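Participant: Okay, handing you the structure first.
None of the figures in this text is laboratory data; all of them are computed from the coordinates on show. Small disclaimer: the values here were computed from a predicted structure and weren't measured. Glycine gets a Cβ as well: all are built from the backbone with ideal geometry, and neighbour counts include every protein chain shown.
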Amino acid sequence: MRTLVVTEGGRGLAVESWGPEDGYPILYLHGMPGSRRGPRPLVNHLHNSGLRLIAYDRPGYGGSGRLEGRSVSHAAADVASIADALGLEKFSVMGRSGGGPHAMACAALLPERVENVAVLVSLAPFDVDPAELDWFAGMTQSNIHAFTLAAEDHGSLHEELLQRHSALNSDPQQMIRSLVPEMSPGDRRIVWETGVRRMLVQNFDAAFDPEEADTDVRDHGLQGWFDDVVSLVKPWGFQVSDIEVPALLWHGELDTFSPIDHFYWLADHLKNATTMLALNTAHFGAIPAMPRILRWLANTANRAGAVSGR
């Protein structure tokens, strides 16, 4: 069931959860483009593990109102609003792909509430020292093109995303097919597995379906996608080195959507990081890894709570 949480500024955020209501809460930040219906572990796993997974549509996607000009750091206030509405004092956060920077924002800016963070196949900040990271090295041409336009030509970026948005509205599977030529063989096997493919289609369908939105804007969903891409090449509004809570950094060595050098940069700058580098695995390998990652979050939070007497 979708729940609408209203932020302090009056925007609506579409929220959905799976697993037991009294389970350990983990806020999930979806990929780009995406929605609260993005790939996730089976409900049976969540119940058996005592985990409550909570996801929401970032502003401009699905059932969430747009926040024009947003930075990555906006996610912290939105997640705090959701946690308040659900009566959650403390929780963990997990972000996959484009959700990784947003999860790190929550960890950096809500240190009294976020117990720990999992960052899966994430990009590093765009404005890092080029001597430390060649940001585009090893990246797919489609991502290089989109992020270059985001940094230099917003009008052209909007036009390109508008064309892809129109195709997605008529056939949500078109997004998957468009990515396949740039995928590793391992990613293709994962994405074409029936259950994963079904979740990806639901993910894109919910992100761009005009009936999801509480607005009459016809390109709703496109707005979220555009704002996501632009936000990732702007200053994020926090420093990765500000994150003090335990962090799990997961990456596939063959990833070309978020190249492995981004993983190494993040590993060097996160102060309290546990790293997991999956060999012979790429970007979508993060999906089958989620159950293990969720258990790490819950177990690490429980250990910290026992030490502090929580």
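Participant: Given the -39500 (n - 2.57) contribution per DSSP H run of 4+ residues, what per-residue ellipticity at 222 nm results for the chain, rounded to the nearest 500 deg cm²/dmol?
Facilitator: Computed ellipticity for the chain at 222 nm equals -13500 deg cm²/dmol.
Participant: Still on this model: Taking the DSSP beta bridges in the chain as the whole, what percent of them are antiparallel, to the nearest 5?
Facilitator: Once the DSSP bridges in the chain are tallied, antiparallel ones form about 25 percent.
Participant: A further question follows. May I ask you to compute the full-extension gain from Glu160 to Met199, defined as 0.36 nm times their residue separation minus their alpha-carbon distance, rounded to one decimal in nm?
Facilitator: 11.5 nm
Participant: Further question on the same structure: Taking amide hydrogens as modeled 1.01 Å from N in the peptide plane, which residues meet the under 5 Å criterion relative to Ala278, leaving out close sequence neighbours?
Facilitator: His251, Gly252, Glu253
Participant: So which chymotrypsin sites (Phe, Trp or Tyr not before Pro) in segment 88-148 pass both tests, a DSSP loop state and at most 15 other Cβ atoms within 10 Å of the Cβ?
Facilitator: For chymotrypsin sites (Phe, Trp or Tyr not before Pro) across segment 88-148 that sit outside H, G, I, E and B with at most 15 neighbouring Cβ atoms in 10 Å, the list reads Phe136.
Participant: Hey, with R₀ at 25 Å, roughly what FRET efficiency would Glu182 and Ala267 work out to, going by the Cβ-Cβ distance, to 0.05?
Facilitator: After rounding, the FRET efficiency stands at 0.55.
Participant: Continuing with the same structure: What's the magnitude of the charge dipole for segment 3-308 around its Cα centre, counting Lys and Arg as +1 and Asp and Glu as -1 at the beta-carbon? Answer in Debye, nearest 20.
Facilitator: So the magnitude is around 1020 debye.
Participant: Just rank Ser184, Ser170, Ser35, fewest to most, by other beta-carbon atoms within 10 angstrom.
Facilitator: Fewest-to-most ranking of Ser184, Ser170, Ser35: Ser170, Ser184, Ser35.
Participant: Tell me, what is the percent relative contact order of segment 3-308, built from C-alpha pairs under 8 Å that lie six or more residues apart?
Facilitator: Computed over segment 3-308, the figure is 24 percent.
Participant: While we're on this one: Averaged across orientations, what area in nm² does the convex hull of the alpha carbons in segment 3-308 project?
Facilitator: With the hull built on Cα positions only, its mean projection is 14.5 nm².
Participant: Give the order of Asp228, Asp219 when sorted by the count of other beta carbons within 10 angstrom, beginning with the fewest.
Facilitator: Final ranking by Cβ density, sparse to dense: Asp219, Asp228.
Participant: What does the net charge come to around Leu279 if you take all other residues with beta carbon closer than 14 Å to its beta carbon, with K and R at +1 and D and E at -1?
Facilitator: Around Leu279, the surrounding residues sum to -2.
Participant: Can you give the local net charge around Met32? Use residues other than it whose beta-carbon is closer than 9 angstrom to its beta-carbon, Lys and Arg +1, Asp and Glu -1.
Facilitator: 0
Participant: Based only on other Cβ atoms within 10 Å, what is the fewest-to-most ordering of Leu67, Leu88, Leu232?
Facilitator: Leu88, Leu67, Leu232
Participant: Continuing with the same structure: Loop-only trypsin sites (Lys or Arg not before Pro) in segment 123-224, please: DSSP not H, G, I, E or B, and at most 14 other Cβ atoms within 10 Å.
Facilitator: Answer in residue order: Arg218.
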